[in-house]
Amino acid sequence: MNGTLNKGMTVGSIVAADFSKAKVFERLGIDYCCHGSDTLATACSKQNLNPDEVLAKLENSNDSAVVANFSCWPLELLLDYVLKWHHRNFHLHHEDLLRLVIKVEGVHGGRHPELHAVKTAVEESFAELDNHFSKEEHVLFPYLYEMYQAHDEGRQPEPFHCGSIYPPIRQMMLEHDAAGEMWQHIENLTQHFTTPADGCASYKLMNEQLRRFYSDLKEHVAIENNLLFPGFLKMEQQQ
């Protein structure tokens, strides 16, 4: 991507083309997830950053970590990854994380009253995400698999029950926005998931797991908003 970046590109498209750029945006506080439609110039303006300096950081970034090149993956594989990694991890671990948040709030809430708001926000978000994932798993994604198979076989897919896939995709993206705003709120409440000096090991573990969950959520949303959904909408138009 070096040499092709410009301030008119959206931050979502920059990350979609190279997910290693997400770490640059993370360090700078730029939201490439729910505000992925912002141009780089707009995103920099929101954070009072010099866009030319941010461009230089992006072009010179050389993250040694192995990052999947999601932009080259077929849509079917992206569906598999979202379901078998992101959705599965949520279903397996979110109840344990919520129990940990409740435990820490019970022990430390007297000295750190913000933990009451953290617990409420996490509870609300997990309930909303559980409903969100259910709609994807039982309604939208099965049809997207059918679309992909039909496209692969050179035939028309079965008609979708509401005509176009655009309305449910639009709804999923609105729910992504709500989830992103909620987790930004949680991040602010926890001072960027920082454990206070009097925090115990469980407090530290809670913040580490909340940070990891938010990071995974941002990858999840970025894949769907910037690669998966646009790809299937384009496929629908072609069909």
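Screening GLU53, GLU95 for residues that are open to solvent by 70 Å² or more (accessible area, probe 1.4 Å) and either farther than 30 Å from THR10 by Cα or touching a residue at least 60 places away in the same chain (Cβ under 8 Å) (or both) leaves exactly one candidate, GLU95.
Working carefully through the options ALA56, ALA16, find the one that is of a type in the set (A, V, I, L, M) and over 30 Å from GLU146 (Cβ atoms). Before the answer, list the steps.
On the way: ALA16 fails: over 30 Å from GLU146 (Cβ atoms).
That would be ALA56, the only listed residue that is of a type in the set (A, V, I, L, M) and over 30 Å from GLU146 (Cβ atoms).
Sub-7 Å Cβ pairs linking a first residue in segment 198-220 that is open to solvent by 20 Å² or more (accessible area, probe 1.4 Å) to a second residue that is among the basic types (Lys, Arg), at least 6 apart or interchain, are ASP198/ARG111; SER202/LYS103, ordered by first then second residue. Look at segment 170-192: where a residue is open to solvent by 50 Å² or more (accessible area, probe 1.4 Å) and a partner is of a type in the set (Gly, Ala, Ser), sitting 6+ places away or on another chain with Cβ atoms under 7 Å, you get HIS185/ALA121.
The criterion of being touching a residue at least 40 places away in the same chain (Cβ under 8 Å) and either in contact with a strand residue (DSSP E or B) (Cβ under 6 Å, 6 or more places away or on another chain) or open to solvent by 40 Å² or more (accessible area, probe 1.4 Å) (or both) holds for VAL107. Note on segment 1-99: enclosed helices (runs of 4 or more DSSP H) holding 2 or more residues that are over 14 Å from the mean Cα position of the chain (by Cα) and farther than 25 Å from GLN209 by Cα are 11-17, 40-46, 51-60, 75-81.
Taken as a whole, the condition of being open to solvent by less than 50 Å² (accessible area, probe 1.4 Å) and touching a Pro at 6+ places or on another chain (Cβ under 8 Å) applies to GLU146. Scanning segment 132-163 for residues that are closer than 19 Å to PRO74 by Cα, aliphatic (A, V, I, L, M) and free of Cβ contacts under 8 Å to residues at least 40 places away in the same chain yields one hit, LEU140. LEU115 - would you say it is surrounded by 13 or more Cβ atoms within 10 Å (Cβ to Cβ) and assigned to a helix (DSSP H, G or I)? It is true that LEU115 is surrounded by 13 or more Cβ atoms within 10 Å (Cβ to Cβ) and assigned to a helix (DSSP H, G or I). CYS34 meets the conditions (1) surrounded by fewer than 17 Cβ atoms within 10 Å (Cβ to Cβ); (2) touching a residue at least 40 places away in the same chain (Cβ under 8 Å) in every case but one. The failed one is (1). Contact map, segment 118-130: residues that are over 17 Å from THR190 (Cα atoms) paired with residues that are outside any helix (DSSP H, G or I), Cβ distance under 7 Å, separation 6+ or inter-chain. No pairs are found. Going by what's in this entry, would GLU136 be described as of a type in the set (Asp, Glu), surrounded by 12 or more Cβ atoms within 10 Å (Cβ to Cβ) and within 21 Å of GLU105 (Cβ to Cβ)? The answer is no for GLU136. ASN226 meets the conditions (1) more than 24 Å from CYS72 (Cα to Cα); (2) in contact with a Ser or Thr (Cβ under 9 Å, 6 or more places away or on another chain); (3) open to solvent by 30 Å² or more (accessible area, probe 1.4 Å) in every case but one. The failed one is (1).
Is it fair to say GLU136 is acidic (Asp, Glu), under 15 Å from PHE229 (Cβ atoms), out of contact with any strand residue (DSSP E or B) (no Cβ under 9 Å at 6 or more places or on another chain) and modelled with pLDDT of 95 or more? Outline the logic, then answer.
On the way: acidic (Asp, Glu): yes; under 15 Å from PHE229 (Cβ atoms): yes; out of contact with any strand residue (DSSP E or B) (no Cβ under 9 Å at 6 or more places or on another chain): yes; modelled with pLDDT of 95 or more: yes.
When the stated conditions are applied, GLU136 passes them.
The values are calculated or read from the model by the stated rules, or taken from the named source; none is laboratory data. Only a predicted model underlies this, so the values are computations on that prediction, with no experimental measurement involved. A quick note on method: Cβ atoms are made from the backbone with ideal geometry, for glycine too, and the neighbour counts reach across all protein chains shown. With ligands, DNA and RNA removed, areas are computed over all heavy atoms of the protein, side chains included. Shrake-Rupley method; radii C 1.70, N 1.55, O 1.52, S 1.80 Å.
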